[in-house]
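Working notes, structure below.
Values quoted throughout were computed directly from the atomic coordinates according to the rules given, and no laboratory measurement underlies them. What you see is a predicted model; the values in this text were computed from it and never measured. Cβ placement follows ideal geometry from the backbone for every residue including glycine, while neighbour counts extend to all protein chains displayed.
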Amino acid sequence: MSHISSFPRAIIHIDGDAFFASCEQARNPKLQGKPVITGKERGIAASISYEAKALGITRGMSLHEIKKTCPGVVMLPSDYETYSLLSKRFFMIVRRYTPEVEEYSIDECFADITGMRRTLQMGYPEIAESIKRDLDAALGFTFSVGLGVNKSIAKLGSKWKKPSGLTIIPYQNIPTYLEKLPAVKIWGIGSNTASFLERHRIFTALHFARKHWDWIKTNLSKPFQEIWRELNGEYVFQLETEPKTNYYTIGKTKTFTPPSRDRKYVFSQLSKNIENACIKARRYNLAASGVAFYLRQQDFRHTGLELKLSRLTAIPADLIKLADEHFDEFFYSKTEYRATSVILLGLQEDETAQLDLFGDAIKMTEKKKLYEAVDAVNKKYGKHKLYLASSFLANKYSQHLGDRGDIPERKQNMFLGETKRRRLGIPMFSGE
Amino acid sequence: MSQDRFQQLISFYRKHKRMPSYGELVKLFGLKSKSPAYKFTAKLLDQGLIGKDASGRLLPTAIFSELPILGTVAAGWPSPAEEEISNTMNLDDYLIRNKEATYLFKVKGDSMSGAGIMDGDMALVERGRQAKDGDIVLAEIDREWTLKYFRKRNGKVYLEAANKKYGLIYPNEELKVAAVLVSVIRKYKF
């Protein structure tokens, strides 16, 4: 039997503990040690500090319910700008150790440190520990880290002890962890699959991993076969280290308070979302071949419409015209709406000059030029300096009036030369 | 072929600042024995491209240290711009040391006016950096951030303002220093 090393591959998973709430607590001493939630503008708890978790608050709980049961909780509007800045720093710090980093979500990443021991002059566990130390120090809150032989084991590790855990799982120790992990907690296994497994007396991850390959192959689909292989220590799931520039769809949804039944206002909200979605598409040089519009009602039901386009576009005027033509097919005048949504579908590289029968290509090039200028103006003077008249009502008022209209502190506490739309890209300590 | 070998010989000389031994020539040219190496050097000796000392060791000639000139082309005085610009840094690099750990803080009050830090100034502070005696730090006192001198005397730490109106601050328990001041920026016009 040949010797198997502890880490034939060394993969790390890092997870920011209660990321958004921690971003808030780290910059404001008044919030430290207190139950804090973010997501006030959405009316639900989006991120929950450990103190708030201890009170029994869970993700998605409504503010109303939280106020009733735990009146002492501090509720904050999301400050995505700051969270994104800190998220970027998180990834930059991990990249000091290895270029192989997958930005899995705003508060999670995978890193492949295989072969970095000589360069960094540290063993794998020490590298994991050092990354954690750097993150905790630079961001002012804690991260949980898992080190394993592949993504599944690393992810299991980072979840093993939270907050501020560092879990090292060498190849030979994998079974010890799988034994204590319920099957439903395996990364990638949902409750449906878990109950299917239970019917076959598979209750823990170890039961699952020990199941014979023939049984797995005949009873489960490929994604689950791959999970099985990973739990058995094989390296299957590759890291996606390329930054995300390939969007198949781009969606923009915005809620507003109070809800409205005003056709003009609701339409202007939709128009603003269309503009935003197009800005994003143009940034990646993409254009849509289809579009879907949705309106969400007070009771969370929604109406909508999906349209195919005759040619590719990332020009809001095109889509707004379509939305206008079809608006009454999904807008009902007696209904109150609280959110609008647009999804650009079938996105492709925008290499325009695609000639069509009616010579529209020339007009398109002109429009493209116009929007290149619009993007340039907005880049210089701030987002939404120039916007379409159809979005006027949505831009005129704050997105949320009343209690939920609280603006993140960073947008109110500015330095000379900063504007509501454009600020320095450095997070700020606060505490007013 | 022998031209290549001559170039290899020159490269060896430039790298090692000496001529090779015959054994090294065998290795250098990938030969199986010394005799082709002797033949090669004999030819070069004939042509006066190398020399030999009394004990038989090879000697370089002038050609080894000079770059052969292939011809001349008229040119203007080289512009120093490209080289010089690589020695400059932008304001970010100048004001910030550890980019991922640096934060903004808006100065409040006049407690540091003696150090030239005024109300409303933009302070750039670095998290997780060890504070040294005399550093200006961002510390937490009574659930508020405060910018003060960090003092360490006889193992005791305390904070000191740069304004006589304010007294020394001794922490009740441990002093919580969040960050160390790196730069202060004040903008007058935009």
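Descriptive notes on the structure:
- Shape category assigned to the stretch B:91-185 from the gyration tensor of Cα positions, a/c cut at 1.5: oblate
- When you count the other C-beta atoms within 10 angstrom of each residue and take the mean per peptide, A:183-190, A:327-334 line up highest first as A:183-190, A:327-334.
- Taking amide H atoms as placed 1.01 Å from N in the peptide plane, the amide H of A:Tyr104 lies under 5 Å from those of A:Cys109, A:Phe110, each 5 or more residues away in sequence or on another chain.
- Three-way shape call for the stretch B:2-64 based on the alpha-carbon gyration tensor, with the a/c threshold at 1.5: rounded
- A helix-only calculation puts chain A at -11000 deg cm²/dmol for mean residue ellipticity at 222 nm, using -39500 (n - 2.57) for each DSSP H run of at least four residues, averaged over all residues.
- The spacing between the stretch B:100-164 and the stretch A:142-183, judged by their C-alpha centroids, is 40 Å.
- Burial ordering of B:Val26, A:Val374, fewest other beta-carbon atoms within 10 Å first: B:Val26, A:Val374
- If the chain linking B:Lys152 and B:Asn90 were pulled fully straight, counting 0.36 nm for each residue of separation and taking away their Cα-Cα distance, it would gain 18.9 nm.
- Highest mean packing comes first when the peptides A:135-147, A:12-24 are listed by Cβ atoms within 10 Å, giving A:12-24, A:135-147.
- Estimated FRET transfer efficiency (B:Lys34, A:Thr119; beta-carbon r; R0 41 Å; 0.05): 0.45
- Given A:Lys34/B:Lys165; A:Lys321/A:Lys367; A:Lys161/A:Lys252; A:Lys380/B:Lys187; A:Lys30/B:Lys108; A:Lys385/A:Lys411, the pairs whose alpha carbons are separated by over 24 Å: A:Lys34/B:Lys165; A:Lys161/A:Lys252
- Within 10 Å of the Cβ of each residue in A:131-140, the mean number of Cβ atoms contributed by other protein chains is 4.
- Residue separation of A:Met92 and A:Trp215 scaled by 0.36 nm, minus their Cα-Cα distance, works out to 40.0 nm of gained length.
- Taking chymotrypsin sites (Phe, Trp or Tyr not before Pro) across the stretch A:221-292, the ones in a DSSP loop with at most 16 further Cβ atoms lying within 10 angstrom of their Cβ are A:Tyr247, A:Tyr248, A:Tyr284.
- Within 10 Å of the Cβ of each residue in A:28-40, the mean number of Cβ atoms contributed by other protein chains is 2.
- Peptide-level mean, for B:103-110, of C-beta atoms on other protein chains within 10 Å: 5
- Farthest toward positive dipole pole in the protein assembly as shown [+1 Lys/Arg, -1 Asp/Glu at C-beta], among B:Gly109, A:Cys278, A:Gln238: B:Gly109
- Fluctuation leader among A:Asn173, A:Asn150, A:Asn232 - chain A, Gaussian network, Cα springs under 10 angstrom: A:Asn173
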